[in-house]
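All remarks here apply to the structure that follows.
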Amino acid sequence: LKLEGNPFDDDAAKAVADAIAKNDALVGNAIEVDDERVRGPVVAAQLKRMKALWDAEKGAYPALGAGAARDLLGKASAEGDLARTKAAVGGGADVAFSGYHNETGATTGRFTDSTAVHVAARNGHPGLVRFLVVGAGADADARDTDKDTGWTPCCWACFNDKPRAVRA
């Protein structure tokens with residue numbers, strides 16, 4: 001759905017947003033709506049739906065153990081693998097853990113000072129950023145623990161020219 005100009009008053013914009021939010025075929029593409037009065041409620045509906053789906057789904061994953069879940073989350077975040085990210089979080093990974101390499105997701109070696117959100121944003125995976133923040137409750141404004149930078153996921157996405165991850 002692409003709206004040209006501003007053909008709607010506030011009531012009509014709200015009605016369009018409500019109609020899109022109730023239609024599974026449209027809700028996934030609703031971010032492309034140009035009118036902010038429509039986009040805001042639609043995006044809010046998308047995020048609410050994502051959180052509700054994850055809350056219902058997360059209990060289906062087996063416990064992995066803290067170390068295995070943590071390592072899986074780092075690698076899956078770097079690779080953009082939503083299924084494995086969900087398995088890691090559902091299996092017990094702590095989304096607030098700040099010890100991943102911001103590019104590879106490894107937990108050993110130098111530069112292991114980022115959260116999974118930093119890793120996903122730095123590598124340009126907006127779907128993972130959205131899931132981690134909205135579904136799993138990760139902090140979108142977390143700062144890495146590097147003593148010289150203290151960058152947020154948004155900073156890493158911008159620095160690495162990943163604008164879609166910033167919009168997530």
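Here are a few things to note about the model shown:
- The slack in the chain from residue 83 to residue 68, taken as 0.36 nm per residue of separation less the alpha-carbon distance, amounts to 3.9 nm.
- Residue 166 contributes an accessible area of around 60 Å² to the protein surface, as traced by a 1.4 Å probe with all chains present.
- You can think of it this way: the chain between residue 145 and residue 103 has 13.6 nm of extra reach, that is 0.36 nm per residue less the Cα-Cα gap.
- Figure note: 156, 54 ranked by solvent-accessible area, largest first, 1.4 Å probe, ligands and nucleic acids not counted: 156, 54.
- Heavy atoms of residue 112 accessible to a 1.4 Å probe, total area in Å² rounded to 10: 40
- Gyration tensor (alpha-carbon) shape descriptor, region 41-168, a/c threshold 1.5: oblate
- Oblate is the label for region 42-91, because a/c, from the alpha-carbon gyration tensor with a ≥ b ≥ c as root eigenvalues, is 1.5 or above and a/b does not exceed b/c.
- Rounded to the nearest 10 Å², the accessible area of residue 49 at probe 1.4 Å: 80
- The order of 132, 72, 53, 82 by accessible area, most exposed first and with a 1.4 Å probe, is 53, 82, 72, 132.
The values are calculated or read from the model by the stated rules, or taken from the named source; none is laboratory data. Note that the structure is predicted; figures quoted are calculated from it, not measured. Quick note on the areas: whole protein, heavy atoms, side chains included, nothing else; ligands and nucleic acids left out. Shrake-Rupley method; radii C 1.70, N 1.55, O 1.52, S 1.80 Å.
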